[in-house]
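Here is the structure we will look at, set down as structure tokens.
The values are calculated or read from the model by the stated rules, or taken from the named source; none is laboratory data. Just so it is clear, the structure is predicted and the values come from calculations on it, not from any experiment. When we count neighbours, we look across all protein chains shown, and the Cβ atoms used for this are built from the backbone with ideal geometry, even at glycine. Just the protein is used for accessible areas: all its heavy atoms, side chains included, with ligands, DNA and RNA removed. Shrake-Rupley method; radii C 1.70, N 1.55, O 1.52, S 1.80 Å.
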Amino acid sequence: MNRVKEYRKKQQLSQFALAQKIGVARQTINLIENDKYNPSLDLCRKLALALRTDLNSLFWEESE
């Protein structure tokens, strides 16, 4: 599970706009948001930077 969709919506970005911002196809963003694609570390870093957050907040579940 990741929080890409949540953070994308907070930034009021469409999947297309986020994809353009980091240089991937819109379908890639859709697959990541739906946990059907595991992005590379480089792509994770680009997502975190574009969404103004850190990798831990974006990709790792917090302990309860």
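If the condition is being open to solvent by 100 Å² or more (accessible area, probe 1.4 Å) and not in a helix (DSSP H, G or I), then segment 38-60 contributes N38, R52, W60. In this entry, R26 is excluded by the filter for residues that are under 10 Å from the mean Cα position of the chain (by Cα) and surrounded by 13 or more Cβ atoms within 10 Å (Cβ to Cβ).
Among the residues of segment 5-23, just one is open to solvent by less than 40 Å² (accessible area, probe 1.4 Å) and among the charged types (D, E, K, R), namely R8.
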